[in-house]
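Q: This is the structure I want to talk about, given as C-alpha cells.
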Amino acid sequence: MLYREAGEFRTSYPDDSQTFPIAFDKFRYYAILAVLFVGVPFIVNDYWANAVLVPVLVWSIAALGLNILTGYCGQISLGTGGFMAVGAYSCYKLMTAFPDLNVVFCIFLSGFVTALVGIVFGVPSLRIKGFYLAVATLAAQFFLVWLFNGVPWFYNYSASGQITVPERTVFGIAVTGPYTEPWAKYLICMFFVFVLAWLARNLTRSSVGRSWMAIRDMDIAAEIIGVNPLKAKLQAFAVSSFFVGISGALFFSVYLGAVEASEAFGINQSFLVLFMVIIGGLGSIFGSFAGAAFIVLLPVLLKNLLVGRLSWPTDIATNSEFIIVGALIIFFLIVEPHGLAHLARLFKEKLRLWPFPH
Amino acid sequence: MKLNVTVAALICSLAAPVAHADLVIPWLSYRTGPFSPSGIPAGDGFHDYFSLLNERDGGIGGVPINVIDCETAYNTQKGVECYESTKGQGSLLYQPLSTGITYQLIPKGTAEGIPIFSMGYGRTAAADGRYFPWVFNFPAHYWDGASIAIKHILDLNGGDIAGKKITLVHLNAAYGREPIPTLQALAEVHGFEVDFVPIDFASSQEQKSQWLDIRRKKPDYILMWGWGIMNAVAIQEAANIRYPMENFIGIWWSGSENDVLPAGERAHGYKALALHRPGKGAPIFDDLQEYVFDKGLAAGTGEHAGTVLYNRGAYGAMLTAEAIKTAQEIHGVAEITPAMMRDGLENLVMTEEKMAANGFPNFGPSFAVSCENHGGGGEAWIQQWDAHATEWKLITDLIQSDKELINRLVREDAEKYAAENNIEPRDC
C-alpha cells in the first residue's frame with residue numbers, strides 16, 4: 001500500500017539509473033531532507049545536538065569514508081583514527097594560521113590534506129592485500145598519533161598538548177567554540193553530511209566507483225578488463241581519506257572543541273568505524289549511516305534507559321551496556337551477515353509487495 | 001502500532017531526564033574501565049560525605065543535596081554527553097575528576113555559566129581567576145605540585161641540586177604533560193637536568209622499555225605524573241630495576257594504596273605528595289560510620305574509607321559543601337543557582353576552625369580563594385609509604401610552592417589562552 005508503483009514507467013536510461021527510481025522513495029527522501037534541514041534546527045537543544053545528532057553525523061562521514069575504501073574497493077584499513085587526527089590537526093593549523101579564512105574552507109582543505117596523507121599510506125596496498133594491508137594501515141594509525149603527540153608544532157607548542165578550537169563564524173553565526181548555538185552546530189554538520197553523501201553516492205555509481213568494485217571483486221580480472229589497479233586503489237585511498245579527514249576536522253572543531261591525539265584518535269576509534277561499516281553494511285551508503293547511528297546511539301539510549309528510567313547504579317548499567325551492545329552486534333551479524341543495509345533492503349522489497357505477496 | 005509505540009519509547013529514552021528542586025551536584029564518575037581503581041574510591045568518598053550531610057544535617061542550609069552520578073569511564077566524549085545530559089537538571093558545579101574532560105568543560109561551563117571545580121587537576125592556568133572566572137583548581141594545582149616536589153628534593157640536598165638528574169615519568173596526555181613547562185623553568189633556576197619519559201594510555205600496563213631506559217640513565221630523582229593502572233605498574237618496574245624508592249616521588253594522583261600495594265614490600269619508602277591527610281584518624285569517620293555505613297547508605301562497600309582517594313573524594317565534597325554554605329551566606333537564600341555557587345567558590349575561606357567543625361581537623365591546608373587567585377595556597381605535604389604497616393605517613397610539614405615563579409608562569413599561560421580565544425580579563 002505504501003508503494004504504489006502502478007503507472008510508473010521509465011522510458012529512458014537516465015530515468016532508469018536514478019538514485020531513487022521509485023517515486024515514493026524520492027518523495028520520502030525529499031521529505032526526510034526537508035525535516036532534517038528545516039524542521040530539526042528549530043527544535044534541537046544542547047543535549048540533542050551535542051550528545052546525539054552531531055556525533056552521529058560526524059561518525060557517519062567517517063563511516064562513509066571507510067565504506068568507500070573497505071566496502072567498495074575491498075581494502076581493509078585500520079588507520080581511520082590516524083586519518084581523523086590528520087583532519088583535526090590540519091584543521092587546527094589552518095584555523096590558527098589563517099584566522100580570516102572561513103571555517104568551511106578550512107574543513108574542506110583539511111580533507112584534501114588528509115587525502116594526500118592517505119595516498120602516501122595507500123601505496124603499500126599495491127603490493128600487499130587483505131590482512132597484511134590491515135597491518136600496514138595500523139602502522140599509519142600509530143605513526144600519525146605519535147607524530148601529533150611528539151611534534152609540538154602541530155599543537156602550537158601549548159603546555160598540555162591539547163588543541164582547542166578558536167571561535168569561527170559562518171555568515172556571522174558562530175559555528176565553532178563554546179558560544180555556538182546547537183542548531184548552528186547541527187546545521188554545519190548536516191551540510192557536510194549532505195554534500196559528502198551526495199558525492200559518495202554519485203562517485204560509487206560512476207566509472208570510478210565501478211573500477212573500485214571491480215578491484216574489490218577480483219583484482220586480476222579487473223586488471224585484465226582494463227582497470228588500472230594503481231589508479232583505482234590510490235583513488236579509493238584518497239577519496240576515503242578525504243571523507244575521514246573532514247569527519248576528523250568536524251569531530252575536533254564542531255563536536256568536541258578540544259582534543260588530544262592519543263585519546264581522541266586512538267586505535268579504538270579505528271575499530272569503532274570499522275564496526276560501524278560492518279554492522280551497517282559493506283558497500284552501502286545507507287549502511288554507513290545505519291552503522292554509525294547503531295554504534296553511537298545504542299549506548300546513549302541504553303544508558304538513559306537503565307540509569308535514567310530504571311535507576312540502576314551507573315557501574316552496573318555501563319557494564320550491562322557492553323554486554324547488551326555486544327550481544328546485539330552478534331545477533332545482527334548472525335541474522336543478517338550483510339548488515340543493517342541489507343535488512344533495510346529486504347524490508348523494502350517486502351513493503352513493495354505488501355499487502356499482496358505472491 | 002506496537003512497533004510505533006516501541007520506537008516512540010526508545011526515542012523518549014534518548015532524551016535526558018528532567019529536573020527537580022534540590023542542590024544538584026553531578027559527579028562524573030568512572031566505576032568502569034582502566035581507571036576505575038582510582039575512580040571508585042574517590043566517588044565513594046564524595047557520595048558518602050553528602051549522604052552524611054543529608055542524614056545528619058538534612059542537607060546544607062536545610063536543602064537536601066542530590067548527587068547525580070554519570071559514568072564517563074574517563075572517556076572525554078562520554079564526559080561531554082554527561083555534561084549535556086545533567087546540566088539541565090539545575091547542576092550547580094561540575095567536578096570531572098579528569099583533566100581531559102576538564103579541558104572540554106572549561107569553555108562550555110564558562111559560556112553557560114556553570115562553575116567547574118577541578119580540585120588539584122585540570123588546566124593549571126585556570127588558577128588565574130581574571131581569565132577563568134568560572135574555573136577553580138584550589139587548594140593546589142599541578143605546577144604547585146612540581147614546585148613542591150623540587151623543594152622537597154632541595155631540602156634533602158641542603159638547598160643545592162645543581163647538576164642532579166631528575167626524570168619525569170608521565171602519562172602521555174594533557175594531564176601528564178602539565179608539569180613540563182614548570183620543571184623546565186625550575187631546572188633553569190636550580191641548575192638541575194630534567195628529562196621526560198612519556199607513557200601512552202595504551203602502554204600503561206607495559207612499561208619495560210621505558211624503565212630500562214631509566215636504568216641506563218640513572219636519574220638521581222624520579223617524579224611521576226601517572227593515573228590508574230599506570231602508577232602501580234611504574235612502581236613495580238622501579239622496584240624491578242632496584243631504583244631507591246625514597247628518591248621516587250609521585251604527584252597526589254600517584255599516591256594511593258592501589259598504587260603501592262601490588263609491589264608489596266618492595267614499594268617501601270615510595271613518596272608522594274599529599275593534598276590532605278591519609279588514614280582514618282579524622283572524627284568525620286565516626287560520623288560516617290554512624291550515619292552512613294551503619295544505615296547501609298554507603299555508595300560503595302565502605303571498605304575504602306580512610307584510603308587516600310576516598311579521603312580525596314570526601315575532602316572535595318567538604319570543600320564543595322563549604323562553598324555552598326558561603327554562597328548561601330552571601331546571597332541569603334538556601335536554594336542557590338550556579339552563578340551564586342560561583343560566588344561561593346570565589347569567596348571560600350578555609351580555616352582550621354571550619355575544618356575542625358566539619359570533622360576534618362588539620363586535614364588539609366588553610367587557604368582563601370579570591371577573585372584573582374582560584375588556585376588556593378599551593379601547599380601540600382609529602383607522604384611516604386610504609387609497606388610493613390601498609391599505611392601512608394606524612395613525613396614533612398606543609399610545603400609551600402615557589403609562588404613567585406609559579407604565579408608568573410600561570411599568568412603567562414593564562415594570557416596566552418586569552419589571546420588565542422579573545423578573552424578580556426576581569427578587573428580584580
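No lab work stands behind these numbers, since they all come straight from the coordinates. These numbers come from a predicted model, not from an experiment. Cβ: placed from backbone, ideal geometry, glycine included. Neighbour counts: every protein chain shown.
Q: If the viscosity is 1.002 mPa s and the temperature 20 °C, what Stokes-Einstein diffusion coefficient in µm²/s follows for the range B:237-286 when Rh is the Kirkwood radius over Cα pairs?
A: Here the translational diffusion coefficient equals 178 µm²/s.
Q: Sticking with this structure for a sec: If you average 1/r over all unlike Cα pairs in the protein assembly as shown and invert the result, what Kirkwood radius do you get in angstrom?
A: That comes to 28.0 Å for the protein assembly as shown.
Q: Neighbouring Cβ atoms within 10 Å as the yardstick, rank B:Met224, B:Met245, A:Met218 fewest first.
A: In increasing order of surrounding Cβ atoms, one gets A:Met218, B:Met245, B:Met224.
Q: Using the structure shown, list the pairs from A:Lys26/A:Lys233; B:Lys78/B:Lys271; B:Lys164/B:Lys403; B:Lys78/B:Lys151; B:Lys164/B:Lys208 with a Cα-Cα distance above 26 Å, or answer none.
A: Table pairs above 26 Å Cα-Cα are A:Lys26/A:Lys233; B:Lys78/B:Lys271; B:Lys78/B:Lys151.
Q: Taking chain B as the reference, fit the longest principal axis to its C-alpha atoms, fit the long axis of helix B:403-421 to the helix C-alpha atoms, and give the angle between the two in degrees, 0 to 90, nearest 10.
A: 50 degrees
Q: Between helix B:308-331 and chain B, what is the angle of the helix's C-alpha long axis to the longest principal axis, kept within 0 to 90° and rounded to the nearest 10?
A: Its long axis makes an angle of about 50 degrees.
Q: Okay, next question. Suppose we keep just the alpha-carbon trace of the range B:369-423; what are its Rg and Dmax in angstrom?
A: 17.2, 55
Q: Here's another thing I want to ask about it. Helix-only estimate, please: 222 nm mean residue ellipticity of the protein assembly as shown, summing -39500 (n - 2.57) across DSSP H runs of length 4 or more and dividing by its residues, to the nearest 500.
A: Calculated from helices alone, the mean residue ellipticity at 222 nm is -16500 deg cm²/dmol.
Q: Could you let me know the centre-to-centre spacing of the range B:90-145 and the range A:139-181, using Cα atoms, in angstrom?
A: Centre-to-centre (Cα) distance: 20 Å.
Q: How big, on average over all directions, is the shadow cast by the Cα convex hull of the range B:132-235, in nm²?
A: Approximately 7.6 nm², given one-decimal rounding.
Q: Ranked from highest to lowest mean number of other Cβ atoms within 10 Å per residue, what is the order of the peptides A:36-45, B:33-42?
A: Sorting A:36-45, B:33-42 by mean packing, highest first, produces B:33-42, A:36-45.
Q: So, one more: What are the semi-axes of the equivalent ellipsoid for the range B:52-175, taken as the square roots of 5 times the Cα gyration tensor eigenvalues, largest first, in whole Å?
A: The equivalent ellipsoid of the range B:52-175 has semi-axes of 34, 19, 14 Å.
Q: Next up: Can you quote the Å³ per residue value for the convex hull of the Cα atoms in chain B, rounded to an integer?
A: 155 Å³
Q: Choose one answer from B:Ala368, B:Ala327, B:Ala356: the residue with the largest mean-square fluctuation in a GNM of chain B with alpha-carbon springs under 10 Å.
A: B:Ala356
Q: Hey, could you get me the Stokes-Einstein D for the range A:1-106, Kirkwood radius over alpha-carbon pairs, 10 °C and 1.306 mPa s, rounded to whole µm² s⁻¹?
A: Rounded to a whole number, D works out at 88 µm²/s.
Q: Ranked by Cβ crowding within 10 angstrom, fewest neighbours first, how are A:Trp146, A:Trp153 ordered?
A: Least to most surrounded, the residues fall as A:Trp153, A:Trp146.
Q: Give me log10 I(q)/I(0) at q = 0.12, 0.14, 0.16 Å⁻¹ for the range B:203-330, Debye formula, one equal scatterer per alpha-carbon, no solvent.
A: At q = 0.12, 0.14, 0.16 Å⁻¹ the computed log10 ratios are -0.57, -0.71, -0.84.
Q: Checking understanding here: applying a Kyte-Doolittle mean of at least -0.5 and a length along the axis of at least 27 Å (C-alpha), which whole DSSP H helices in chain A pass?
A: A:103-122, A:131-150, A:182-204, A:229-250, A:285-303, A:314-335
Q: Between the alpha-carbon centers of the range A:1-77 and the range A:323-345, tell me the distance in whole angstrom.
A: Between the Cα centre of the range A:1-77 and that of the range A:323-345, the gap is 20 Å.
Q: Same structure, new question: Run through all the Cα pairs of the range A:233-276 and give the fraction in each 5 Å bin from 0, expressed as whole percent.
A: Percent of pairs per bin, in order: 6, 19, 23, 30, 16, 6, 1.
Q: Using the Cα atoms of the range B:166-207 to build a convex hull, what is its mean projected area in square nanometres?
A: Averaged projected hull area, Cα only: 2.8 nm².
Q: Based on the inverse mean of 1/r over its pairs of different Cα atoms, what is the Kirkwood hydrodynamic radius of chain A, in Å?
A: 21.5 Å
Q: How would you rank A:Phe356, B:Phe293, going from fewest to most other Cβ atoms within 10 Å of each one's own Cβ?
A: A:Phe356, B:Phe293
Q: Same structure, new question: Measure nothing fancy, just the Cα-based angle from helix B:99-112's long axis to the longest principal axis of chain B, in degrees from 0 to 90, nearest 10.
A: So the helix axis and the longest Cα principal axis differ by about 40 degrees.
Q: Three principal axis extents, largest first, for the C-alpha atoms of the range A:238-331, in Å?
A: For the range A:238-331, the Cα spread along each principal axis is 46, 32, 20 Å.
Q: Compute and list, largest first, the equivalent-ellipsoid semi-axes of the range B:187-248 from the alpha carbon gyration tensor, each √(5λ) rounded to a whole angstrom.
A: 20, 14, 11
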